[in-house]
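The values are calculated or read from the model by the stated rules, or taken from the named source; none is laboratory data. Keep in mind that this is a model prediction, so the values were computed, not measured. Using ideal geometry, Cβ is built from the backbone for each residue, glycine included, and neighbour counts are taken over all protein chains shown.
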Amino acid sequence: MNCFMVLSIFALCVASTPFFVVPLFLLAFAFQYIFSVFRATSRDLKRLESVSRSPVYSSFSEALNGLDTIRAFGCTGRFLKEHRQKMDKYALHTTPASYLLLVHSFADPRLLFV
């Protein structure tokens, strides 16, 4: 429905002012270019974020799967220390997640109005 309303508004603008066709095509090409750059950037940032989170998830699942063994051998302190180190390392390298948040917060409102 939203797409139909936008197209009908553009049709009314073109019908009332035929010279509006030229800026309309320029805007369409500009929007297509911006959207393609946003899509590629968003995809790469999501990939970087998942790669940087991978050690944290694997450490957590490893600890959950071997919880009985870890407790039996009394290695809870070592696993906790290793997991905290991986969490701290992830916290220092959260730039992909923060960049992804910035890209989405910048582009989402602008894409909603188009």
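Here are a few things to note about the model shown:
- Residue match in the stretch 88-95 (condition: at pLDDT below 70, surrounded by 11 or more Cβ atoms within 10 Å (Cβ to Cβ) and in a helix (DSSP H, G or I)): yes
- Single condition L48 does not satisfy, out of (1) surrounded by 10 or more Cβ atoms within 10 Å (Cβ to Cβ); (2) among the hydrophobic types (A, V, I, L, M, F, W, C); (3) out of contact with any Pro (no Cβ under 7 Å at 6 or more places or on another chain): (3)
- One residue alone among F25, F38 is surrounded by 12 or more Cβ atoms within 10 Å (Cβ to Cβ) and of a type in the set (F, W, Y), and that residue is F38.
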